[in-house]
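Take a look at the structure below.
The numbers here are math on the coordinates, done by the rules we state, and not lab data. Since the model is a prediction, treat every value here as computed from it, not as a measurement. Heads up, the Cβs are rebuilt from the backbone with ideal geometry, glycines too, and the neighbour counts pull from every protein chain shown.
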Amino acid sequence: MDMTGERRIAAPRQAVWDALNDTETLKASIPGCESLEKTGDNHMKATAAVKLGPISARFNGAVTLTDIDAPNGYTISGEGQGGVAGFAKGGAKVFLTDDAGATLLKYEVHAQVGGKLAQLGARLIDATAKQMAEQFFTKFSDEVQKLVPSEPAPPAPPVEVKPPPVAPPSAVGLLDLVPREPFGLPVMGWIGILIFLGMAVLWLASIY
């Protein structure tokens, strides 16, 4: 079985490379993976439950990384035994390139199966492999996003506070200068007193 493809991942190439070498990220991304742990610098062992058509099997296998060219790619190869279901072995070349702030991941897969799995037919095996690859890269992209720190939101522009408009001063009349209640008596009371005094003066003047 041969399969090629590519996937654009919205993350820097270094972050994608780190995720490809992180066992926890790979375990969370591989469909049916039950365990994945390092046994050496470039060696891992894995256990995965896989269902191909009517056959369900648990594979135990070893994985080796070669042709390592950080952070541009590597070759991953392995072989798993699924008991009476048969075996699977093969490898994949992974290439990483920058793509406008993101990373373009390309892969070439070469694999073969034996035992009961081989009796299922190439069409079913190819369809299942493509489905698992789609599930892996979708989950892998999500896991990479968790490892990439989000950029802080830009600060909001300062709000300009304008002082309230000041009304122009109104014209001041002569009466505005007079207190409203001089000596405790309203202005109208003082006017009444002045009129009374004026009339009294005129009356006295008429007498004398």
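Seen through its C-alpha gyration tensor, with square-root eigenvalues sorted a ≥ b ≥ c, the range 1-50 comes out oblate because a/c lies at 1.5 or above while a/b is not bigger than b/c. Zone of residue 75 (label point 7 Å along Cα→Cβ, backbone N under 18 Å): which residues in the range 87-103? Taking a point 7 Å out along Cα→Cβ of residue 75, the residues of the range 87-103 whose backbone N falls under 18 Å are 89-96. Derived scalar couplings between HN and Hα for the range 109-116 equal 10, 10, 8, 8, 10, x, x, 4 Hz in order, rounded to whole Hz, by the Karplus curve 6.51 cos²θ - 1.76 cosθ + 1.60 (θ = phi - 60°), x for Gly and Pro.
Compute the semi-axes of the equivalent ellipsoid of the range 21-97, taking the square root of 5 times each eigenvalue of the Cα gyration tensor, and list them largest first in whole Å. Show your work: numbers first, answer last.
On the way: eigenvalues 111, 32, 29 Å².
Value: 24, 13, 12 Å, ordered largest first.
Is the range 14-152 rounded, prolate or oblate when judged by the Cα gyration tensor, a ≥ b ≥ c being the square roots of its eigenvalues, rounded requiring a/c under 1.5 and prolate requiring a/b larger than b/c? Because a/c hits 1.5 or more and a/b exceeds b/c, the range 14-152 counts as prolate. With the simple spin-label model, which puts each label point 7 Å out from Cα in the Cβ direction, the residue 8 to residue 122 separation comes to 3.3 nm.
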